[in-house]
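Chemist: Handing you this structure, nothing more for now.
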Amino acid sequence: MTVDTSRKWWVGSEPSDIAEFLKAYASEGAEVDEFRLARCGCGSTSFLLDADDDEGVARRICTVCATEHFICDSQDYWDESEPERLVCIECESEVANVGVGFSIYPARGGVRWLYVGYRCSACGVLGCFAGWKVGTLDSMILLDNV
Ligand SMILES: [Zn+2]
Ligand SMILES: [Zn+2]
């Protein structure tokens, strides 16, 4: 794992570098405790990513098999949202690795907050495309729906 922080944007050499970026990015009081990398059922880790940061939803579309997946609890709120497609701020590529950082309540009592991070597949730039509050007790299951 190599994260180059010397340039304008953080750049990661591999998909799991999203975790380190999100840990540094997270707000005080909503630190990242757990990270899950998104992986399609076909094995791919390359996606198009649509999200609405105001509504708190995100969807990934596999670039290999075109399967769509609503990230965590996004399907419940998707109809009210106005999602935008991720475009890399550095190279304008739309293809990215996707991973979610979770802030967890003490004693694994649920998800406080989550961050949808990405790494551009073309140039490696790391970022956070959306984040939202969960705040429910029965939400640990979301870690299995990245
Ligand atoms: Zn796939
Ligand atoms: Zn890029």
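We did not get these values from a lab; they are worked out from the coordinates using the rules stated. Here the structure is a predicted model, which means the values were calculated and not measured. Please note: Cβ atoms are built from the backbone with ideal geometry, for glycine as well, and neighbour counts cover all protein chains shown.
Chemist: Of all residues in region 106-139, which are more than 16 Å from ligand 2 (Cβ to nearest atom) and surrounded by 17 or more Cβ atoms within 10 Å (Cβ to Cβ)?
Modeler: Gly110, Val111, Arg112, Trp113, Leu114, Tyr115, Val116, Ala130, Gly131, Trp132, Val134, Ser139
Chemist: Out of all the residues in region 90-135, which are hydroxyl-bearing (Ser, Thr, Tyr) and touching a helix residue (DSSP H, G or I) at 6+ places or on another chain (Cβ under 9 Å)?
Modeler: The answer is Tyr115, Tyr118.
Chemist: Let me ask another. Kindly list, by first and then second residue, each pair from a residue in region 63-89 that is under 22 Å from Gly43 (Cα atoms) and within 16 Å of ligand 2 (Cβ to nearest atom) to a residue that is in a loop (DSSP other than H, G, I, E, B) and of a type in the set (S, T, N, Q), limited to pairs with Cβ atoms under 9 Å and residues at least 6 apart or on different chains.
Modeler: Thr63/Ser44; Thr63/Ser46; Thr63/Ser121
Chemist: Another question about this same structure. Quick test for you: out of Ala66, Ala58, pick the one residue that is closer than 30 Å to Lys8 by Cβ and hydrophobic (A, V, I, L, M, F, W, C).
Modeler: Ala58
Chemist: Please find, among Ala122, Ala107, Ala130, the residue that is more than 16 Å from ligand 1 (Cβ to nearest atom), assigned to a strand (DSSP E or B) and hydrophobic (A, V, I, L, M, F, W, C).
Modeler: From the options Ala122, Ala107, Ala130, the qualifying one is Ala130.
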